[in-house]
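The values are calculated or read from the model by the stated rules, or taken from the named source; none is laboratory data. All of these numbers come straight from a predicted model, not from anything done at the bench. Cβ: placed from backbone, ideal geometry, glycine included. Neighbour counts: every protein chain shown. Note: areas computed on protein heavy atoms with side chains; ligands, DNA, RNA excluded. Shrake-Rupley method; radii C 1.70, N 1.55, O 1.52, S 1.80 Å.
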Amino acid sequence: VEEALIAAIVLVVILLLVFLGNVRASIVVACMLPLAALFTFLMMSFLGMSANLMSLGGLAIAIGLIVDAAVVVVENTVERLGHDHARAPRVNVIFQAATEVATPVASGILIICLVFLPLLTLEGLEGKLFRPVALTIIFALAGSLAMSLTVVPVLSSFMLGKTAHKDPLLMRLLTPVYARLLDFSLK
């Protein structure tokens, strides 16, 4: 499980760099991984859950989901900072960017958490096996949501600059191919 967690974290960080195309934005998003894991372990400790194979497996499953909310907040922040025509104070722009996506991000996380709720109703051996997985994923997502709407804007105010927003290299390479495929399929 430790190897799976490390491999997942490394893969997520590499994908963040490739898809965001901004090292500073990737660092801000990658900070969610240890913070959400810490929140998860605190909640597990609070409820008296052990860090067994199943709960750590749930955390390994949630690694990719943890960064979703932070990616949306950071991407919107970068976009708003790059197109700041009103010359509003930087902190206000970041606050507006975070508030703008708060409801969709919270809704998305809530929907994912609801998917895991039926696992909490299992009884017997199935309940003992899958309840820790579901709880760990729910805790990780709740922590990532809370930190994406609080910690990420603060880190963004320190880390992100007012540079013109441009698409990452990968997206600039794939967009023409996608446009041709879309054009072909819609004709």
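Rundown of residues vs (1) open to solvent by 40 Å² or more (accessible area, probe 1.4 Å); (2) in a loop (DSSP other than H, G, I, E, B); (3) among the charged types (D, E, K, R); (4) under 14 Å from Ile138 (Cβ atoms), yes/no style:
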site: Val29; (1), (2), (3), (4): no, no, no, no
site: Val72; (1), (2), (3), (4): yes, no, no, no
site: Val93; (1), (2), (3), (4): no, no, no, no
site: Gln96; (1), (2), (3), (4): yes, no, no, no
site: Thr99; (1), (2), (3), (4): yes, no, no, no
site: Val105; (1), (2), (3), (4): no, no, no, no
site: Ile111; (1), (2), (3), (4): yes, no, no, yes
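For segment 1-27, which positions are open to solvent by less than 70 Å² (accessible area, probe 1.4 Å), closer than 21 Å to Gly57 by Cβ and in a helix (DSSP H, G or I)?
Ala4, Leu5, Ala7, Ala8, Ile9, Val12, Val13 - these are the residues of segment 1-27 that are open to solvent by less than 70 Å² (accessible area, probe 1.4 Å), closer than 21 Å to Gly57 by Cβ and in a helix (DSSP H, G or I).
What's the number of the only condition in (1) within 17 Å of the chain's Cα centre (by Cα); (2) at pLDDT below 90; (3) surrounded by fewer than 16 Cβ atoms within 10 Å (Cβ to Cβ) that Ile66 fails to meet?
(3)
I'd like to check something: does segment 42-58 contain any residue that is at pLDDT 90 or above and over 14 Å from Thr136 (Cβ atoms)?
No; the residues of segment 42-58 include none that is at pLDDT 90 or above and over 14 Å from Thr136 (Cβ atoms).
Somewhere in segment 82-90, is a residue exposed (fewer than 13 other Cβ atoms within 10 Å of the Cβ), within 22 Å of Ile27 (Cα to Cα) and over 23 Å from the mean Cα position of the chain (by Cα)?
Yes: segment 82-90 contains one or more residues that are exposed (fewer than 13 other Cβ atoms within 10 Å of the Cβ), within 22 Å of Ile27 (Cα to Cα) and over 23 Å from the mean Cα position of the chain (by Cα).
Taking segment 74-91 as the region of interest, how many residues are in contact (Cβ under 8 Å) with a residue 24 or more places away in the chain and either in contact with a helix residue (DSSP H, G or I) (Cβ under 9 Å, 6 or more places away or on another chain) or in a loop (DSSP other than H, G, I, E, B) (or both)?
Taking segment 74-91 first, the residues in contact (Cβ under 8 Å) with a residue 24 or more places away in the chain are 74-79, 81-84, 90-91.
Add one more test, that the residue is either in contact with a helix residue (DSSP H, G or I) (Cβ under 9 Å, 6 or more places away or on another chain) or in a loop (DSSP other than H, G, I, E, B) (or both), and what stays is 74-79, 81, 83-84, 90-91.
The total comes to 11.
Which ones in segment 145-182 are more than 29 Å from Leu110 (Cα to Cα), without any contact (Cβ under 8 Å) to a residue 60 or more places away in the chain and surrounded by 12 or more Cβ atoms within 10 Å (Cβ to Cβ)?
Scanning segment 145-182 gives a single hit, Leu174.
Given the options Gly48, Gly57, name the one that is outside any helix (DSSP H, G or I) and either out of contact with any Ser or Thr (no Cβ under 7 Å at 6 or more places or on another chain) or open to solvent by less than 10 Å² (accessible area, probe 1.4 Å) (or both).
Gly48
Within segment 130-137, is there a residue that is of a type in the set (A, V, I, L, M), part of a helix (DSSP H, G or I) and surrounded by fewer than 17 Cβ atoms within 10 Å (Cβ to Cβ)?
No, because not a single residue in segment 130-137 is of a type in the set (A, V, I, L, M), part of a helix (DSSP H, G or I) and surrounded by fewer than 17 Cβ atoms within 10 Å (Cβ to Cβ).
So is Ser148 closer than 28 Å to Ala7 by Cα and of a type in the set (Ser, Thr, Tyr) or not?
It is true that Ser148 is closer than 28 Å to Ala7 by Cα and of a type in the set (Ser, Thr, Tyr).
I'd like to verify a number: residues in segment 37-94 that are within 22 Å of Lys162 (Cα to Cα) and hydroxyl-bearing (Ser, Thr, Tyr), how many?
Qualifying residue count, segment 37-94: 1.
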